[in-house]
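These notes concern the structure reproduced below.
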Amino acid sequence: MKEQLELLEKEAIEKIEQTADIKELQSIKVAYLGKKGSLTGVLRGMGKLSKEERPVIGELANSVREAITTAIEQKNEGLEHAALEEKLTDEAIDVTLPGRPVHAGGPHLLTKIVEEIEDLFIGMGFEVREGPEVETDYFNFEALNLPKDHPARDMQDTFYLTNELLLRTHTSPVQARTMQAYEDSKSVKMICPGKVYRRDTDDATHSHQFTQIEGLYVDKHVKMSDLKGILDTFAKKLFGEDREIRLRPSFFPFTEPSVEMDISCKVCNGEGCSVCKGTGWIEILGAGMVHPNVLSMAGYDPKVYSGFAFGMGPERIAMLKYGINDIRQFYTNDIRFLKQFHNA
Ligand SMILES: [Zn+2]
């Protein structure tokens with residue numbers, strides 16, 4: 001029995017030394033020291049021993065158990081340490097590697113132009129207002145002097161959700177809404193930037209969705225000269241102090257009289273070139289004095305109150321300012337196009 005125990009110890013220690021796996025070490029432990037393990041199996045034969053032999057074998061068995069246990073614990077510690085070392089090596093950060101570049105984005109060119117125009121008008125005492133892109137027929141057309149049978153509606157065909165709900169064709173509904181909101185004070189000085197929609201075929205100068213900024217100033221004694229002064233300041237701030245403006249008669253259903261504003265061509269300085277098509281002038285926006293019907297419909301007495309309104313396309317302004325020749329460039333999100341203007 002003594003030999004059996006010594007052999008068992010030798011065998012177990014050898015196996016423990018050879019293994020390099022924590023799980024295998026566990027199964028060795030179970031195989032030798034477990035309830036059904038080899039050591040227990042040997043000790044079952046103790047009953048056959050004489051009284052003198054029993055304590056000797058008992059003592060030996062204990063020392064065998066202790067030796068195996070100690071060997072397992074040491075091995076286990078060694079394996080855990082090795083595993084940790086390996087993990088640390090694998091996950092080590094090489095601080096000498098060059099960093100991965102982080103590409104910082106920037107606002108879209110249209111956003112920048114809109115914000116620039118907003119700042120300019122806020123500086124002249126205007127408030128920035130927003131309104132819904134899904135609009136009622138009433139606010140989009142009727143409240144702006146465009147009744148159901150008005151031919152000017154054809155120029156602004158849009159996407160209808162129902163007979164009465166549509167995607168707004170201009171930001172003018174925000175003006176009508178603001179005038180109603182300010183019914184008590186009757187003093188409105190606002191601009192409304194936002195997305196608008198038309199049933200248009202996309203090409204270099206048309207898009208079914210584009211951006212608009214409209215402005216409205218209604219109060220007592222608002223005159224055409226106020227409009228001209230504001231527009232002149234706007235043109236000079238945005239395109240340069242040396243730009244001239246001119247107003248040409250035009251037609252809009254919601255203003256009377258109506259005008260188109262041109263600025264003198266920056267490329268040829270008014271001499272005439274291909275950019276201005278030989279005229280020396282470039283069309284920038286439409287404007288006019290608010291039509292008396294529009295004032296009445298919003299609850300303002302046209303005999304007491306007057307006002308002017310104007311509307312422009314930030315796309316067109318960006319195209320002129322930066323020499324962009326296709327409106328679709330703004331919406332196709334080609335990063336090579338967009339990032340040219342990050343520092344513009
Ligand atoms: Zn020119």
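The values are calculated or read from the model by the stated rules, or taken from the named source; none is laboratory data. If you're wondering where the values come from, they're calculated on a predicted model, not measured in any experiment. Note: ideal-geometry Cβ built from the backbone for every residue, glycine included; neighbour counts use all protein chains shown.
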Would you confirm whether any residue within the stretch 252-263 is touching a Phe, Trp or Tyr at 6+ places or on another chain (Cβ under 8 Å), of a type in the set (A, V, I, L, M, F, W, C), farther than 11 Å from Gly286 by Cβ and surrounded by 15 or more Cβ atoms within 10 Å (Cβ to Cβ)? yes
The conditions are (1) surrounded by fewer than 18 Cβ atoms within 10 Å (Cβ to Cβ); (2) under 30 Å from Lys237 (Cβ atoms); (3) out of contact with any Ser or Thr (no Cβ under 9 Å at 6 or more places or on another chain), and Lys195 fails exactly one of them. Which is it? (3)
State whether the residues of the stretch 92-112 include one that is in contact with a strand residue (DSSP E or B) (Cβ under 8 Å, 6 or more places away or on another chain) and surrounded by 12 or more Cβ atoms within 10 Å (Cβ to Cβ). yes
Could you give every pair whose Cβ atoms fall below 6 Å, whose first residue belongs to the stretch 238-267 and is at negative phi, and whose second residue is polar (S, T, N, Q) and within 14 Å of the ligand (Cβ to nearest atom), counting only separations of at least 6 or pairs across chains? Arg243/Ser264; Glu244/Ser264
Could you tell me whether any residue of the stretch 52-59 is within 14 Å of Lys2 (Cα to Cα) and loosely packed, with under 10 Cβ neighbours inside 10 Å? yes
Within the stretch 291-321, restricting to residues that are under 30 Å from Lys236 (Cα atoms) and among the basic types (Lys, Arg), the one that is surrounded by the most Cβ atoms within 10 Å (Cβ to Cβ) is Arg316
Residues of the stretch 114-147 being closer than 23 Å to Asp232 by Cα and free of Cβ contacts under 8 Å to residues at least 24 places away in the same chain, which ones? Glu115, Asp119, Ile122, Gly123
When the residues of the stretch 211-242 are filtered to those that are of a type in the set (S, T, N, Q) and assigned to a helix (DSSP H, G or I), which remaining residue is surrounded by the fewest Cβ atoms within 10 Å (Cβ to Cβ)? Ser225
Can you name the residue in the stretch 252-277 that is in a strand (DSSP E or B) and out of contact with any Pro (no Cβ under 9 Å at 6 or more places or on another chain) and, of all such residues, is farthest from the ligand (Cβ to nearest atom)? Thr255
Condition check: within 16 Å of the ligand (Cβ to nearest atom), surrounded by 19 or more Cβ atoms within 10 Å (Cβ to Cβ) and closer than 28 Å to Ser172 by Cβ. Does Ile284 satisfy that? yes
Sole residue being more than 16 Å from the ligand (Cβ to nearest atom), within 34 Å of the chain's Cα centre (by Cα), exposed (fewer than 13 other Cβ atoms within 10 Å of the Cβ) and over 19 Å from Ser187 (Cα atoms), chosen from Asn333, Asn325: Asn333
Determine which single condition Lys148 fails, assuming it passes every other condition in (1) more than 19 Å from Glu256 (Cα to Cα); (2) surrounded by 12 or more Cβ atoms within 10 Å (Cβ to Cβ); (3) not β-branched (Val, Ile, Thr). (2)
It is to be established whether one or more residues within the stretch 336-344 are under 35 Å from the mean Cα position of the chain (by Cα), among the charged types (D, E, K, R), away from the ligand (no atom under 16 Å from the Cβ) and not in a strand (DSSP E or B). yes
How many residues are among the hydroxyl-bearing types (Ser, Thr, Tyr) and either assigned to a loop (DSSP other than H, G, I, E, B) or in contact (Cβ under 8 Å) with a residue 40 or more places away in the chain (or both) if we restrict to the stretch 278-300? 2
The stretch 148-181, subset free of Cβ contacts under 8 Å to residues at least 12 places away in the same chain and hydroxyl-bearing (Ser, Thr, Tyr), residue nearest to Met289 (Cα to Cα): Tyr160
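Rundown of residues vs (1) under 30 Å from Gly215 (Cβ atoms); (2) hydrophobic (A, V, I, L, M, F, W, C); (3) in contact with a helix residue (DSSP H, G or I) (Cβ under 7 Å, 6 or more places away or on another chain), yes/no style:
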residue	(1), (2), (3)
Lys15	no, no, yes
Ile22	no, yes, yes
Ser50	no, no, no
His81	no, no, no
Ile93	no, yes, no
For the stretch 17-128, give me every one of the helices (runs of 4 or more DSSP H) that falls completely inside it and has 2 or more residues that are modelled with pLDDT of 85 or more and among the basic types (Lys, Arg). 22-33, 53-90
